[in-house]
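Note sheet for the following structure.
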Amino acid sequence: MSVALAASTAPAISAGVYTTNLVKAAPVLWDRKITDSEVDVNAIVINSGIANACTKDEGMEYCKQSAKKAASELGAEENSILLASTGVIGMQLPIDKICAGIESLSDSLKQSEKAANEAAKAIMTTDTVSKEIAIEFEISGKTVKMGAMCKGSGMIHPNMCTMLGFITTDVNISKELLLKALREDVVDTFNMVSVDGDTSTNDSLIILANGLVENEKIVDENSEDYKVFKSNLNFVTTALSKMIAGDGEGATAGFMLGAEAVQVGTRFV
């Protein structure tokens with residue numbers, strides 16, 4: 001099992017799209033409540049190895065404990081921590097190891113290519129290669145950065161599955177338009193990826209935007225700034241989708257990442 005931690009140096013707005021599977025894992029239920037609200041996000045904790053799916057009340061309690069630990073380590077609020085899990089369905093998380101990993105990672109977060117690569121590797125399960133991308137583009141004279149990582153491969157075993165994707169950017173944009181861009185984008189990117197037609201209990205695609213580039217806030221969907229942002233978001237998600245399809249079975253300014261070992265068909269809505 002591995003744990004990865006992505007933390008923003010400033011509170012970030014968030015948007016997420018999640019599995020259409022009728023059975024949704026505890027982290028999906030936890031995250032959706034946060035990304036659907038106006039609460040800012042400070043970090044995402046991701047573990048691979050155990051999906052925390054079909055774990056009932058105990059699974060939700062472990063979500064709460066994981067978020068509480070991360071919030072304590074980062075000086076944030078519990079409801080500002082997003083969670084994601086991938087791996088075996090039906091098993092309970094080894095919460096002591098998860099919390100130990102969070103504690104260790106919170107002291108070693110870095111804004112570096114190496115840290116980003118370690119995080120991308122940490123979230124892998126049946127993937128044969130890590131999947132990550134980082135780009136820069138201009139919005140109203142400001143250099144915006146966007147970085148992303150994902151994991152996903154064919155559901156070759158009913159207990160090992162999940163497509164997870166995480167996008168971070170320092171652009172200043174309204175939450176409404178961030179969600180609009182993500183929802184419209186997945187239609188022709190991640191939702192076009194299908195290995196065996198199945199969906200996972202844990203499929204999640206989340207984007208955080210902390211506004212640190214200080215461009216004029218994007219609030220108009222007809223503006224050129226929004227079109228530029230959406231075009232570059234599509235470039236990133238298309239690249240990641242192709243990485244997932246290519247694998248088959250098998251860092252952004254203002255964001256810090258880390259990872260530590262502690263022992264696909266997809267459809268979003």
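The values are calculated or read from the model by the stated rules, or taken from the named source; none is laboratory data. Since the structure is predicted, the reported quantities are computational estimates derived from the model, not experimental observations. Cβ: placed from backbone, ideal geometry, glycine included. Neighbour counts: every protein chain shown. The area values use the complete protein model at the heavy-atom level, side chains included, leaving out ligands, DNA and RNA. Shrake-Rupley method; radii C 1.70, N 1.55, O 1.52, S 1.80 Å.
Observations
- Flag for Glu224 being at pLDDT 95 or above and open to solvent by 10 Å² or more (accessible area, probe 1.4 Å): yes
- For the condition among the β-branched types (Val, Ile, Thr), within 20 Å of Val28 (Cα to Cα) and at pLDDT 95 or above, Ile173 does not qualify.
- Filter result (in a strand (DSSP E or B), open to solvent by less than 10 Å² (accessible area, probe 1.4 Å) and closer than 22 Å to Leu109 by Cβ) within region 17-44: Val41, Ala43, Ile44
- Within region 2-16, restricting attention to residues that are among the hydroxyl-bearing types (Ser, Thr, Tyr) and touching an Asp or Glu at 6+ places or on another chain (Cβ under 8 Å), the residue that is least open to solvent (accessible area, probe 1.4 Å) is Ser14.
- Being among the aromatic types (Phe, Trp, Tyr) and open to solvent by less than 30 Å² (accessible area, probe 1.4 Å) is a description that does not apply to Tyr62.
- Filtered residues of region 202-221 (kept if part of a loop (DSSP other than H, G, I, E, B) and open to solvent by less than 10 Å² (accessible area, probe 1.4 Å)): Asn202, Asp203, Asn215
- Yes/no for Ile34 being closer than 28 Å to Glu214 by Cβ and modelled with pLDDT of 95 or more: yes
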